[in-house]
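Data block below; observations after.
Nothing in this text is a laboratory measurement; each read-out follows from the coordinates by a stated rule. Everything quoted here is computed from the prediction, not taken from an experiment. When we count neighbours, we look across all protein chains shown, and the Cβ atoms used for this are built from the backbone with ideal geometry, even at glycine.
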Amino acid sequence: MSLQSKVRRAFVGVSRAAFNTAYRLSSRAATRGDEVVLLSRQADEPSYDFKEVARAFEERGWRVHMHLKKVSMRHFPSYAAHVAKEIVLLSRCKVAVLDRYDPVVSLIDFQCESEGEQASAAFEDANTAACPA
């Protein structure tokens, strides 16, 4: 394994630990409500699809947060602030919608947090449970 590969693995491990710690702390401080967060790391403005998804949730009484930013590691302070806000939003929402792969979401260990409740009415038609039986 090359040095570059080892450094990348170490960075992912440190990021995973930091994101999970921040998520757990934020989850303890926040109460989960009927909130949905729409996440995009590819655009600064919502797409037509995101607008329609947001409208559908709002019509059902949900609070919608759009967290959109074309991010780049070149601007690390801005990226770090974006990640911190994303983790807080994820700790408060019941539903997250992503337009593409998101490394923050992929590195957080989301435990089953619904305590046996069914998923929201928005997804009941698909018979989707928040936690597998």
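Out of every Cα-Cα pair that segment 55-107 contains, those further apart than 13 angstrom amount to 64 percent. Derived scalar couplings between HN and Hα for segment 7-16 equal 5, 4, 4, 5, 4, 5, x, 5, 4, 4 Hz in order, rounded to whole Hz, by the Karplus curve 6.51 cos²θ - 1.76 cosθ + 1.60 (θ = phi - 60°), x for Gly and Pro. Report, as a whole number in µm² per second, the diffusion coefficient that Stokes-Einstein gives for segment 1-91 at 4 °C and 1.567 mPa s using the Kirkwood radius over alpha carbon pairs. It comes out at roughly 86 µm²/s. Placing unit charges on the Cβ atoms only, positive for Lys and Arg and negative for Asp and Glu, gives segment 1-94 a dipole magnitude near 580 debye about its Cα centre.
Ordering Gln42, Ala56, Ala18 by Cα displacement along the dipole of segment 1-106 toward the positive end leaves Ala18 in first place; charges were set at the Cβ atoms of Lys, Arg (+1) and Asp, Glu (-1).
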